[in-house]
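Report on the structure given below.
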Amino acid sequence: MKSRIIAASLSAVLLLGACGSGTATVDAPAQTQSIELINPAAADQLIEDNAGSGDFVILDIRTPEEFNAGRIAGSVNIDFYEANFASELDKLDKDKTYFVYCNSGNRSGTAMGTMRDLGFIDVYDLDGGIQAWYNSGFDITQ
């Protein structure tokens, strides 16, 4: 009975975090996962703080067409709509820090649950996507 309550509590935490609203922290056996929704200003600071770090990845999960039309400098692209999206994510180093964005935040919000399930440790999701980034006055490159 006690294990059911613990499992239900853990499931509730995971579900709340998967909605893309706020921060969810889940204790894993050896490490703690942190999935956090951040605004464009905080994202810009995150990028600045991690510039040149080999342990930081800016991940654009829009389509290749969207990516080629304009992106945050230094981004790599994995298309959320591809059938192999989860397996492509699974190939990434889960110990690195990831800053993830899409167009408006819907796809990245969904992707946070996938990344959590795959065991990613430190992930930041851009609230409002690249639209919010651009509307906040931050640069987009092609």
| note | hull vol. (C-alpha, convex hull) per residue for the stretch 24-142, Å³ -> 96
| remark: Rounded to 0.05, the calculated FRET efficiency for the beta carbons of residue 118 and residue 66 at R₀ = 25 Å is 0.60
| task | May I ask for the Rg/Rh ratio of the stretch 41-92, computed from Cα atoms with Rh as the Kirkwood radius, given to two decimals? | result | 1.00
| remark: What the Cα atoms of the stretch 93-139 span along the principal axes, largest first and in whole Å, is 33, 19, 11
| remark: Sparse-neighbourhood loop hits (trypsin sites (Lys or Arg not before Pro), the stretch 48-142; DSSP loop; Cβ within 10 Å at most 14 others) -> 91
| request: Using 0.36 nm per residue of separation minus the Cα-Cα distance, give me the extension gain between residue 48 and residue 110 in nm, one decimal. | output: 19.8 nm
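Bear in mind these aren't lab numbers, they're just calculated from the coordinates by the rules spelled out. Bear in mind the structure is a predicted one, so any value in this text is a computation, not a measurement. Positions of Cβ are generated from backbone atoms using ideal geometry, with glycine treated the same way; all protein chains shown enter the neighbour counts.
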